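See structure below.
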Amino acid sequence: MHEHHLEAARDLLYKKAMVAFEGRSIGTVAAIPQVKHMYVEGHLQAIKPDCDLNYNEIFIRDNVPVALYCLLDGETDIVRNFLEICLQLQSQDIRTAGIFPTSFFVDQHRLVADYGQRAIGRVVSIDATLWVPILALAYVRKTGDWEWGRGAGVQEGLQRLLGLILQPSFREDPTLYVPDGAFMIDRPLDVWGSPLEVQVLLYGALMACSALLEAVHLSEAALQRACNLRRYIRKHYWLNSRIVQTLRRRPTEQYGDVVVNEYNIRTETIPHWLQTWLGEDGGFLIGNIRTGRPDFRFFTLGNCLAAIFDVISLAQQRSLFSLILKNHGDLVAEMPMRICHPPLDENDWQNKTGFDPKNRPWCYHNAGHWPCLLAYLTIAVLRHHPKFLDMRYSQVYLPMQELIRHGYLQQLKKLPAQKWPEYFDGPTGVWMGQESRIYQTWTIVGLLLLNQLLAGDPKHSNLLDLIPMASIKNRHLMRTRETLL
Ligand code: GLC
């Protein structure tokens, strides 16, 4: 019935958003530039495509759903081309060696990359860099092209990346410490320090590097860090009602080796909205852990990715989905899904974002609704086949499946009609975002991806699965034995 919308979306993706370089498709622009019409001296005239800001560039993070869709759609060469360009553009500068660009574009016959110097927040997008190995692993697993993965280009790129991550630093924690706006939320929103999304992507990147790297000592080092990081995230970010009650009664101001409240979290910092939000069964990973100032906001992408990468256990994933079901009025509402909850209020918006005009309460990154996020939740849920789940899990699985189907239909009804907006605003997400781009590529491809995931083979949702730690360790053992023989 809605086939024509999906067909139109495919055309937009492959014919309008896709960029070619030296005869190869290499990725998509963030939003398809629109020709505007204006009356000039009484005549209606077409004005040059609106290439304002940098939405006509190829963003690595915006190309994640594109790459996933292309893998499912049999267009695997596009993904390999995209990854090869990313590797070609990886910084080799002494101060930044190893980082991948936030975005790039074709200028005449050359590629120009932005490592953050031209971005609105003037910071490097750490998420973009961490996505590259994760996508490389997804590509290799889907196509079986391990030979490409073993090639010098990939191996050297991953080594450079690990050189950046595994170097000594002033901190002992396994997390990455980043400035405000270093990921999908690329404007100030009080997300500096150790924001969840970056930590979860770091875990995914370390696991992917470990699976792909040929050099056993590096692969082992990445695995060890991933192992510590997962333990750390589960210990410090996971929250449910029982944990809140423990937190509220812990001592503060302790010093020395045996400390129960390492981050000096005081009762007063624990917001009251959590009481009703968590309920009895709900749980989620909080937005950030910082001494004395944890961030208790819920961030959708970080939580979905934590489920997809199994950073959290199956029981925790069950609690996460219960929480989403319970709070669907906030997180889904009229347009799935809200990017974070709750918004920073007027006062915090002023003080912590510096009056950022786009990030007013309920807008844009500050609790706006982004249609592209629903695909990540879908992958997180559908990768578990109900047949292999215990009763307690299937109790949340079926209503979650229903929530996703309903969200898909909501999107199908609204997105093509409203010209594929980037985001929606307001407490229910019913209005198209005040400053929303239209024909935003990850909105278009998000819907296509959802359709593929819901209609196709259930195995499709294993696309971002990592290789389990035990299998990687076994491979290390075998390699070591081989060298001893
Ligand atoms: C905005 C978003 C960012 C996205 C970019 C291009 O800056 O905040 O996440 O990558 O637009 O779509």
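The values are calculated or read from the model by the stated rules, or taken from the named source; none is laboratory data. Keep in mind that this is a model prediction, so the values were computed, not measured. All Cβ positions, glycine included, derive from the backbone under ideal geometry; neighbour counts span all protein chains shown.
Some points to look at:
- Only one entry in PRO271, PRO251 is at pLDDT below 95, outside any helix (DSSP H, G or I) and on the phi < 0 side of the Ramachandran plot, namely PRO251.
- Looking only at region 82-115, and only at residues there that are within 20 Å of the chain's Cα centre (by Cα) and within 13 Å of the ligand (Cβ to nearest atom), the one that is surrounded by the fewest Cβ atoms within 10 Å (Cβ to Cβ): ASP114
- Of all residues in region 222-250, those that are more than 24 Å from the chain's Cα centre (by Cα) and among the aliphatic types (A, V, I, L, M) total 3.
- Selection from region 437-463 of residues that are within 16 Å of the ligand (Cβ to nearest atom) and assigned to a loop (DSSP other than H, G, I, E, B): ARG437, ILE438, TYR439
- Among the residues making up region 288-318, those that are at pLDDT 95 or above, more than 23 Å from GLN254 (Cα to Cα) and either surrounded by fewer than 18 Cβ atoms within 10 Å (Cβ to Cβ) or of a type in the set (A, V, I, L, M) (or both) are LEU301, LEU305, ALA306, ALA307, ILE308, VAL311, ILE312, SER313.
- Sole residue being of a type in the set (D, E, K, R) and more than 22 Å from the chain's Cα centre (by Cα), chosen from ARG141, ARG122, ARG150, ARG118: ARG150
- Residue list for region 1-45, filter: closer than 20 Å to LEU72 by Cα and either without any contact (Cβ under 8 Å) to a residue 40 or more places away in the chain or of a type in the set (Ser, Thr, Tyr) (or both): GLU3, HIS4, GLU7, ASP11, TYR14, LYS15, SER25, THR28
- Single residue of region 313-350 satisfying the filter (within 16 Å of the chain's Cα centre (by Cα) and in a loop (DSSP other than H, G, I, E, B)) that is nearest to VAL200 (Cα to Cα): ILE339
- Identity of the residue in region 228-248, part of a helix (DSSP H, G or I) and of a type in the set (Ser, Thr, Tyr), that ends up nearest to SER194 (Cα to Cα): TYR232
- The one condition from (1) surrounded by fewer than 20 Cβ atoms within 10 Å (Cβ to Cβ); (2) in a loop (DSSP other than H, G, I, E, B) that LEU466 does not meet is (1).
- Considering region 334-351, and only residues there that are surrounded by fewer than 18 Cβ atoms within 10 Å (Cβ to Cβ) and of a type in the set (D, E, K, R), the residue that is nearest to LEU409 (Cα to Cα) turns out to be GLU334.
- From the options LEU325, LEU331, residue that is of a type in the set (A, V, I, L, M, F, W, C), under 29 Å from SER394 (Cβ atoms) and surrounded by 23 or more Cβ atoms within 10 Å (Cβ to Cβ): LEU331
- Selection from region 169-223 of residues that are buried (at least 24 other Cβ atoms within 10 Å of the Cβ), more than 16 Å from the ligand (Cβ to nearest atom) and either without any contact (Cβ under 8 Å) to a residue 24 or more places away in the chain or in a loop (DSSP other than H, G, I, E, B) (or both): SER194, LEU213
- Condition met for LEU285 (part of a helix (DSSP H, G or I), surrounded by 15 or more Cβ atoms within 10 Å (Cβ to Cβ) and either of a type in the set (D, E, K, R) or at negative phi (or both)): no
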